[in-house]
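Visitor: Encoded as structure tokens, here's the structure I'll be asking about.
The values are calculated or read from the model by the stated rules, or taken from the named source; none is laboratory data. Model, not experiment: these values are computed from the prediction. Cβ placement follows ideal geometry from the backbone for every residue including glycine, while neighbour counts extend to all protein chains displayed. With ligands, DNA and RNA removed, areas are computed over all heavy atoms of the protein, side chains included. Shrake-Rupley method; radii C 1.70, N 1.55, O 1.52, S 1.80 Å.
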Amino acid sequence: MAKKKWISCLLIICTCIVTAGCWDMRELQDRNFVLAVAIDKADEVKEVETFVQPHGTKRYRVSLQILKFASGGEQREETNTFIKSNTGESIFEMVRDMLGQNSKSLWFEHIQVIVISDAVLKEVGLSEILDFFKRDAEMRSRIKIYVTSGKAQSIIEFTPPSKEPGGVYLANIIRLHNKNIHVAGARTDLGYTIQYFDNNSNVLLPRIEMADKVVKLSGSAVFKKDKFIGYADEYAVAGLKIMLGTEKSAVVTMDSPKTPGHQVIFELFRHDTRLTPHVEKGVIYYTVDITMYGNIGELQGDISLNDTLDPEYLRILEVAFAEEIKRNIYYAEKVFKKDMKVDPVSSFASKLKAHEPNTWEQVQDQWDELYPTIPLYVSVNVSIRNIGSHK
Amino acid sequence: MANLEAKTSMSAFQLAIVLFVTCIGAQIMLTPRALIEQAKNGSWISVIIGGVLFYIATYLMLRLGKKYPDETIVEYAPRIFGRLGGIFVIIWFNLVFFLQVVTIFSGTGKIITFYMFDRTPPEVVILALLVLCTYCALQDWGTILRIHQFLFVIAYSILLIVWLTSILNFRPENLLPLWPVDVKGVVAGGISTWGMYGGYECVLLLLPLVYRKVSLSKLAKEVGLAFIGATVLFMIIIVVIIGVLTVEDAKNLPFPALIVIRSVELPGTFIERLENYLLVTWIPVVFDTLAAMMFFMAQICMRQWRHADHRPALLLLVPIIYVGSVLIDNPQIYDQMGKLTMWVGLVFSFGVVPMALLLSWWQKGKVGKDCG
């Protein structure tokens, strides 16, 4: 009996040792936190930082922005991140080879942003570049993805004036897209981008540029499926956001009707936007019905002529703003539908699929050819609720 | 003080809880992808079809069990099918649980090592969970029932709360069109939801414990409640997965439920990567399913071999379960095992049980005539 007890205790102890959970123990200070990744075309290949590749060529340069941990009492340094870089073709291979440049393992669970140079995207599809990030379990779904026409590495080398880590700063810029109508930031992170690929949809990603010491997000990079086709300017992006109803707050500018050459600005607070597909006798068309509520945000001009306390003048402004918004939407339609021939984020296709599935079944294979011919009818109502603290 | 260990009876409501807890297990993580690939936007209809179908199967089992109120299927199967036929049916019945158990252990080990402990071998995770489930299954039914009741209240409510944070990314438009274009896929999907509902076969073992005075209609009602609860929970999971990810995206993800919860970002906080929290709340759900099924397997062996206790049989089964789980080491084998388990279960529910009912009616009718 005593022997059985001893054997049982031994068995339990052995099981506990094996299953104690220390296998995956890694201390926080033994990790390098990667905050941002930049992907460029490989220009200059430095032999020391790269490796002998069994397959492929030195196609890309991958740069990682890594958080610098400073211990207490040390002099406050200029930057709190450092950059490591490598060249190759497989991003996973380059990342693993970069361990040869680091004393700690690279940890991607805090990665904030991926910046991709359009020079890379002109040669290869976006889904190919993002495959490593979509497959690895460490990656966050909410990683922001930006496209730049310049060098992506310069963007992640940028030191924010606020002294916060660069990757965090870059990721936080897009969080303000709700108020900035020039940036299409809704559903542009890694998780949603992968969703677009899986749904065979077109993709829209924010454009980021750097000049001197200024980094700015505005406009969008447009992808047909995963092929980069060009950039949409801020006015087109604004029209698109209004059309799809993704703006939470926006600023609409126009010339003052009473004092041309001077601007009057409408600040949007709330809207009700409906983009609806219709099919009548085999003919497909879309309607956009928008109702906007907001304030006068700014008025440059003689306020005696632009009397915002006059209800009739406000009515004139409402009609004028509605026309300006229509103009904006039709401009966006021209840029995306006529010039680029792209259904942005396949929003029109998804509406047709959701509301008219039988029609979608018939046209889905020819959608890319059919879409540029489908008319869009816009109706806008603007209601000015307030003129501000002063007339 | 009441002896919680010995349990010679339980109420119909307790049976319903056991059914609910045994049905809902690891499959809420492991099966959505296959169902969505098959039924697409009609997956929610497939879940309802499955609920109705397997409730019918359970009702047939209740009817069969009611004919032999003090016996389990291990005792009356030989009388219905003959000695050899009875042994075959009992082995098949045990196989239904065994295949589910090894598939669940293997799938659970895979998920936990991929999303939580990437350097831990899956065999270690399986071993740890197996030890825990074995310890629970070694207890008497009274203790296991109390654990089920406790986890029914605690684990499932926390799991639901964590899961419902994914409402933040839910887009109703992704569910459209609600009415599916491919009806065949929806019906086939309904049948394949056996993987989600599997475990209801336990009524064939537990019916003798249910108070003899409970009528069939009351039993059917309580069991129906269990199925309604399970169906609602599965529907919530499937609808949220499609609403967050879309059908096309969910089809390409091995574990879409985890990706849904991974994309949640709680507004105004730094909290994200909730898949770890979901996994932590999911593990007790898996544990109670596995412990129950291991107990049932041991009970079947105990009754078949006419032992007084189920513990030796359970300890004999443990290494077999471990080896079986560890042998499923790649996605192709896992897929094949899943299909095999489903067909073994379906044929048992819709082949063996109805045949047993028919044979028992025929035998009782024959006895009646002979007596007359």
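Visitor: Could you go through segment A:4-26 and let me know if any residue there is open to solvent by 80 Å² or more (accessible area, probe 1.4 Å), away from every other protein chain (no Cβ under 14 Å) and in contact (Cβ under 8 Å) with a residue 24 or more places away in the chain.
Guide: The answer is no; no qualifying residue exists.
Visitor: For A:LYS151, all conditions in the list (1) open to solvent by less than 10 Å² (accessible area, probe 1.4 Å); (2) more than 14 Å from chain B (Cβ to nearest Cβ); (3) more than 27 Å from A:PHE348 (Cβ to Cβ) hold save one; what is the number of the exception?
Guide: Every listed condition holds for A:LYS151 apart from (1).
Visitor: With touching a helix residue (DSSP H, G or I) at 6+ places or on another chain (Cβ under 7 Å) and within 14 Å of chain B (Cβ to nearest Cβ) as the only criterion, which of A:LEU244, A:LEU204 stands out?
Guide: From the options A:LEU244, A:LEU204, the qualifying one is A:LEU244.
Visitor: Would you point out which residue out of A:LEU121, A:LEU99 is touching a strand residue (DSSP E or B) at 6+ places or on another chain (Cβ under 7 Å), of a type outside the set (Phe, Trp, Tyr) and open to solvent by 10 Å² or more (accessible area, probe 1.4 Å)?
Guide: After applying the criteria, what remains is A:LEU99.
Visitor: Could you look through segment B:319-361, keep only residues that are surrounded by fewer than 17 Cβ atoms within 10 Å (Cβ to Cβ) and under 24 Å from B:TRP141 (Cα atoms), and pick out the one that is nearest to the chain's Cα centre (by Cα)?
Guide: B:ILE320
Visitor: Follow-up question, since we're still on this one. Suppose the filter is touching a residue at least 12 places away in the same chain (Cβ under 8 Å) and open to solvent by 40 Å² or more (accessible area, probe 1.4 Å); does A:GLU157 pass it?
Guide: yes
Visitor: Among what's in segment A:113-148 and is out of contact with any Leu (no Cβ under 8 Å at 6 or more places or on another chain) and within 14 Å of another protein chain (Cβ to nearest Cβ), pick the residue that is nearest to A:GLN65 (Cα to Cα).
Guide: Ranking the qualifying residues of segment A:113-148, first place goes to A:GLU138.
Visitor: Is it the case that some residue within segment A:206-217 is of a type in the set (Gly, Ala, Ser) and either open to solvent by 30 Å² or more (accessible area, probe 1.4 Å) or in the same structural domain as A:GLN300 (by TED's automatic domain parsing) (or both)?
Guide: yes
Visitor: Taking the residues in segment A:329-357 that are aromatic (Phe, Trp, Tyr) and closer than 16 Å to A:VAL203 by Cβ as candidates, determine which candidate is surrounded by the most Cβ atoms within 10 Å (Cβ to Cβ).
Guide: Looking at the filtered set, the residue picked out is A:PHE336.
Visitor: Turning to a different aspect of this structure: Just one of A:TRP367, A:TRP360 is without any contact (Cβ under 8 Å) to a residue 24 or more places away in the chain and open to solvent by less than 50 Å² (accessible area, probe 1.4 Å); which is it?
Guide: Only one candidate passes the filter, namely A:TRP360.
Visitor: Report yes if some residue within segment A:128-135 is more than 30 Å from B:PRO256 (Cα to Cα), within 19 Å of the chain's Cα centre (by Cα) and assigned by TED's automatic domain parsing to the domain that holds A:ARG175; otherwise report no.
Guide: no
Visitor: Separate question: Can you give me the number of residues within segment B:231-269 that are aliphatic (A, V, I, L, M) and more than 11 Å from chain A (Cβ to nearest Cβ)?
Guide: 12
Visitor: Hey, could you check segment A:318-328 for residues that are crowded, with 21+ Cβ neighbours inside 10 Å and under 27 Å from the mean Cα position of the chain (by Cα) and say which is nearest to A:GLY239 (Cα to Cα)?
Guide: Filtering segment A:318-328 for residues that are crowded, with 21+ Cβ neighbours inside 10 Å and under 27 Å from the mean Cα position of the chain (by Cα), the one nearest to A:GLY239 (Cα to Cα) comes out as A:ASN328.
Visitor: Filter segment A:168-192 for residues that are hydroxyl-bearing (Ser, Thr, Tyr) and out of contact with any His (no Cβ under 9 Å at 6 or more places or on another chain); which is least open to solvent (accessible area, probe 1.4 Å)?
Guide: Among those residues, the one meeting the criterion is A:TYR192.
Visitor: Tell me which residues, restricted to segment B:52-85, are modelled with pLDDT of 90 or more, surrounded by 17 or more Cβ atoms within 10 Å (Cβ to Cβ) and outside any helix (DSSP H, G or I).
Guide: Once the filter is applied, which keeps residues that are modelled with pLDDT of 90 or more, surrounded by 17 or more Cβ atoms within 10 Å (Cβ to Cβ) and outside any helix (DSSP H, G or I), segment B:52-85 yields only B:THR72.
Visitor: Which one is farthest from A:ALA184 (Cα to Cα) among residues in segment A:370-391 that are crowded, with 17+ Cβ neighbours inside 10 Å and within 28 Å of the chain's Cα centre (by Cα)?
Guide: Of everything passing the filter in segment A:370-391, A:ILE374 is farthest from A:ALA184 (Cα to Cα).
Visitor: Also, quick follow-up: Looking only at segment B:86-108, which residues are crowded, with 16+ Cβ neighbours inside 10 Å and more than 23 Å from the chain's Cα centre (by Cα)?
Guide: B:GLY86
Visitor: Okay, moving on. When you scan segment A:43-69, how many residues do you find that are of a type in the set (A, V, I, L, M) and open to solvent by 20 Å² or more (accessible area, probe 1.4 Å)?
Guide: Going through segment A:43-69 one residue at a time, the tally reaches 4.
Visitor: Which of the strands (runs of 3 or more DSSP E) found entirely inside segment A:235-317 contain at least 1 residues meeting this: over 24 Å from A:LYS334 (Cα atoms) and either at pLDDT 90 or above or open to solvent by 30 Å² or more (accessible area, probe 1.4 Å) (or both)?
Guide: A:263-280, A:283-299
Visitor: Select from segment A:344-367 the residues that are among the charged types (D, E, K, R) and more than 22 Å from A:ARG187 (Cα to Cα) and write down the one among them that is nearest to the other protein chains (Cβ to nearest Cβ).
Guide: Only one residue fits best here, namely A:GLU361.
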